[in-house]
Amino acid sequence: MKIGIDARLWSQTGVGRYIRNLIYNLQIIDKQNDYVLFVRDQDYNDVKFQISNFKIVQTDISWHSLEEQIKFPSILNKKNLDLIHFPYISVPFFYNKPYLVTIHDLIPYHFSTGKASALPLPIYGLKLVAYKLIVSNAAKKAKKIIVPSNATKEEVVNHLNVPAGKIAVTYEGVDEKVSSIKYQVSSIKEPYFLYVGNAYPHKNLETLISAFSRMVPNNNRINSNRFDENLRNSIKLVLVGHEDYFYKRLKERAKKLGVLGSVIFIGGVNDQKLANLYKNALAFVTPSLMEGFGLPGLEAMANGCLVLASDIPVHKEIYKDSAIYFDPYDVEDIKNKIEQVVLNDSNHFRRNVQRGFERAKEFSWENTAEQTLHVYNSIL
C-alpha cells in the first residue's frame with residue numbers, strides 16, 4: 001500500500017510533536033507499506049530517514065491557506081496514493097480520494113468568541129465559519145477519524161454527527177526526549193509551580209494568575225512558620241510557551257495584579273530544559289477549561305512531578321487518580337490546592353507522584369503508531 005502523511009506541521013509544537021513521533025515509530029514497526037511524506041521547504045533538511053519505504057515530497061504550502069485548497073489536491077493526486085493521513089483538520093475541501101483525519105479537539109466549538117483570537121471580531125467570525133465548514137466536511141468524507149481521547153470522541157459524535165464506529169481512539173505518548181533526561185539542578189533558585197503550553201483563553205491562565213496572586217500578594221513572602229527552609233523565599237509561577245499576543249496580554253494581567261515579579265515568563269524551551277523544569281517544580285499546574293488530551297501533564301508525571309489539574313473529563317480520563325484536581329472556575333479552590341503543596345512536604349504527595357510515574361509509562365508513541373497502523377489497515 002502507498003500511504004501519504006501530511007507532515008507540513010513537522011516543526012510546530014503540539015501537532016508537530018504528534019507528527020514527528022508518529023512517523024518515527026511507523027518507521028520502526030512498518031517495513032511493508034510505502035510512505036510519502038509531504039513537508040514544507042523549511043523542514044525538508046530536518047526530515048531524514050534510513051529506510052527506503054519512506055519518501056519525502058517538498059510541499060511548500062501553508063495550512064489554512066487558499067493554496068492548500070487549490071494546489072495541494074493536485075500534488076496529492078500525482079502520487080497515486082492508496083490512502084493519506086491528515087494529522088490535522090486542514091483537509092482540502094475538494095480532495096475526494098480515501099483519507100483519514102486526526103481531530104485533536106473541537107475547542108473552537110466551545111470558545112468561539114473574538115476573545116479567542118487576536119483578529120478583529122468580523123474577520124475572526126468568518127474564519128470560525130470556515131473552520132467549522134472544513135472540519136465538518138473533513139469528518140464527513142473521511143474513511144476513519146482518529147482522536148486522542150474518549151472525551152474528544154464524544155465531542156466529535158455530538159458536534160459533527162459522526163457514527164461512533166467511524167472513530168478510533170489512539171492515545172498519544174510521552175516523548176523519550178523529555179522523559180529520559182537526567183536530573184540537573186534548576187537555574188530557577190526559588191521554589192516554583194510550572195505551566196507548559198500556549199496562553200489561549202481556554203487555557204484559563206488568567207484565572208491561575210488570579211489564584212496565585214491571592215497566595216503571594218504583591219510578591220511578598222508567605223508568612224507562615226509551617227514552611228520549611230527551602231520554601232521561605234517567594235514562591236514563583238513559571239510559564240513556558242512562545243511569546244505571542246496572548247502571553248503579552250497575560251503579562252499585563254500579572255502586572256495589574258501586582259505579581260509580575262513572581263510570575264516568570266521564559267518563552268519556548270528545548271526538551272532538555274523542559275525536562276529539567278518538570279523535575280525541579282513543586283508541581284505542574286494545568287487549569288485548562290478544555291483539552292483534547294493533556295500531554296504536558298503526562299510529561300510532568302514521567303519526570304516525577306506532581307500534577308494539579310482542572311477537573312475536566314479528559315484530565316480525569318488520562319490522569320485518573322494520579323493528579324490533584326480543582327474546579328477551574330473557582331479561584332479559591334485553585335489557590336487552596338496550590339497552598340496544599342506549599343504547606344506540605346514532598347512525602348505528603350509521594351503516592352500521587354508514584355501513581356503518576358507509573359501512569360505515564362502506559363502511554364507510548366510506539367503504541368500510538370501501532371494503533372494508527374491498525375486503522376490504516378482497517379481502511380485498506
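The values are calculated or read from the model by the stated rules, or taken from the named source; none is laboratory data. Computed from a predicted model, the values in this text were never measured in an experiment. Don't worry about glycine lacking a Cβ; one is built from the backbone with ideal geometry, like all the others, and counts go over all protein chains shown. Note: areas computed on protein heavy atoms with side chains; ligands, DNA, RNA excluded. Shrake-Rupley method; radii C 1.70, N 1.55, O 1.52, S 1.80 Å.
Whenever a residue of segment 92-107 is over 18 Å from Leu81 (Cα atoms), its partners that are open to solvent by less than 10 Å² (accessible area, probe 1.4 Å) and among the polar types (S, T, N, Q), lying with C-beta atoms within less than 6 angstrom and at least six residues away or across chains, give the pairs Asp105/Thr152.
So that you can scan it fast, the table gives a plain yes or no per residue for (1) part of a strand (DSSP E or B); (2) among the acidic types (Asp, Glu); (3) in contact with a Gly (Cβ under 7 Å, 6 or more places away or on another chain); (4) within 23 Å of His242 (Cα to Cα):
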| site | (1), (2), (3), (4) |
| --- | --- |
| Gly4 | yes, no, no, no |
| Gln12 | no, no, no, yes |
| Gly16 | no, no, no, yes |
| Ile19 | no, no, no, yes |
| Tyr35 | yes, no, no, no |
| Lys48 | no, no, no, no |
| Ser52 | no, no, no, no |
| Val57 | yes, no, no, no |
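Of all residues in segment 21-31, those satisfying the criterion of being of a type outside the set (Phe, Trp, Tyr) and either assigned to a helix (DSSP H, G or I) or touching a His at 6+ places or on another chain (Cβ under 9 Å) (or both) are Asn21, Leu22, Ile23, Asn25, Leu26, Gln27, Ile28, Ile29.
Taking segment 60-94 as the search range and keeping residues that are buried (at least 20 other Cβ atoms within 10 Å of the Cβ), assigned to a loop (DSSP other than H, G, I, E, B) and touching a Leu at 6+ places or on another chain (Cβ under 9 Å), which one is modelled with the lowest pLDDT? It comes out as Ser90.
The single condition among (1) surrounded by fewer than 18 Cβ atoms within 10 Å (Cβ to Cβ); (2) touching a residue at least 24 places away in the same chain (Cβ under 8 Å) that Ala7 does not meet is (1). Contact annotation: residue pairs with Cβ atoms under 6 Å, 6 or more positions apart or on different chains, pairing a residue in segment 282-294 that is farther than 15 Å from Asn336 by Cα with a partner that is open to solvent by 10 Å² or more (accessible area, probe 1.4 Å) and of a type in the set (D, E, K, R), are Ser288/Lys203; Gly292/Asp105; Phe293/Glu172.
A count restricted to segment 325-378 and to residues that are surrounded by fewer than 16 Cβ atoms within 10 Å (Cβ to Cβ) and of a type in the set (A, V, I, L, M, F, W, C) stands at 1.
For segment 257-299, the set of residues classified as among the aromatic types (Phe, Trp, Tyr) and either surrounded by 23 or more Cβ atoms within 10 Å (Cβ to Cβ) or under 21 Å from Phe349 (Cβ atoms) (or both) consists of Tyr278, Phe284, Phe293, listed by residue number.
On the given criteria, is Lys127 at pLDDT below 90, in a helix (DSSP H, G or I), closer than 27 Å to Val39 by Cβ and open to solvent by 70 Å² or more (accessible area, probe 1.4 Å)? Yes; evaluated as a whole, the condition is true for this residue.
Across segment 231-242, the number of residues qualifying as among the charged types (D, E, K, R) and either closer than 17 Å to Leu194 by Cβ or not in a loop (DSSP other than H, G, I, E, B) (or both) comes to 1. Checked against (1) assigned to a helix (DSSP H, G or I); (2) open to solvent by 40 Å² or more (accessible area, probe 1.4 Å); (3) modelled with pLDDT of 95 or more; (4) not charged (D, E, K, R), Gln42 passes all but condition (3).
The single condition among (1) open to solvent by 30 Å² or more (accessible area, probe 1.4 Å); (2) in contact (Cβ under 8 Å) with a residue 40 or more places away in the chain; (3) under 16 Å from Asn352 (Cα atoms) that Asp244 does not satisfy is (3). No other residue among Lys153, Lys166, Lys177 is charged (D, E, K, R) and in contact with an Asp or Glu (Cβ under 7 Å, 6 or more places away or on another chain) apart from Lys177. The set of residues in segment 248-283 being part of a loop (DSSP other than H, G, I, E, B) and either of a type in the set (A, V, I, L, M, F, W, C) or touching a helix residue (DSSP H, G or I) at 6+ places or on another chain (Cβ under 8 Å) (or both) consists of Leu257, Gly258, Val259, Leu260, Gly261, Ser262, Ile266, Val269, Ala281, Leu282. Given the structure, is Ser322 open to solvent by less than 60 Å² (accessible area, probe 1.4 Å) and without any contact (Cβ under 8 Å) to a residue 60 or more places away in the chain? For Ser322, the condition - open to solvent by less than 60 Å² (accessible area, probe 1.4 Å) and without any contact (Cβ under 8 Å) to a residue 60 or more places away in the chain - is met.
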